[in-house]
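The values are calculated or read from the model by the stated rules, or taken from the named source; none is laboratory data. Keep in mind the model is a prediction, meaning the values are calculated, not measured. Here the Cβ is made from the backbone with ideal geometry for all residues, glycine too, and neighbour counts use every protein chain on show.
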Amino acid sequence: MTKSTTARQGDAVRRTANNAFEAWEKRTALMKPQSSAESAANDAKTSRLKPLRLEKERQDALQALLNPAAVPQKRPASKRVIAN
């Protein structure tokens with residue numbers, strides 16, 4: 001007994017969908033370890049740099065208290081002019 005054209009088309013669609021899903025799963029499985037490694041490296045960098053940043057901010061605040069004239073003034077925001 002042979003399959004009808006509709007049944008064969010349905011099987012082809014199902015195979016295509018399954019192949020796409022399997023390819024997605026493979027890519028995901030390959031990317032998870034890489035993503036985890038990048039995240040761990042970023043966390044390590046953050047934990048190393050955060051104390052340095054906080055110390056620099058503390059030093060800058062102390063310097064601003066001791067020498068207020070040395071603190072650069074912020075420029076006023078420029079106004080937008082819309083020409084008609």
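Just to be sure, is A77 over 22 Å from the mean Cα position of the chain (by Cα) and surrounded by fewer than 10 Cβ atoms within 10 Å (Cβ to Cβ)? Yes; evaluated as a whole, the condition is true for this residue. Residue-level analysis places S47 among those that are in a helix (DSSP H, G or I) and without any contact (Cβ under 8 Å) to a residue 24 or more places away in the chain.
Per-residue answers, yes or no, for (1) assigned to a helix (DSSP H, G or I); (2) at pLDDT 95 or above:
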| residue | (1), (2) |
| --- | --- |
| A40 | yes, yes |
| L52 | yes, yes |
| A64 | yes, no |
| A69 | yes, no |
| Q73 | no, no |
| V81 | no, no |
| N84 | no, no |
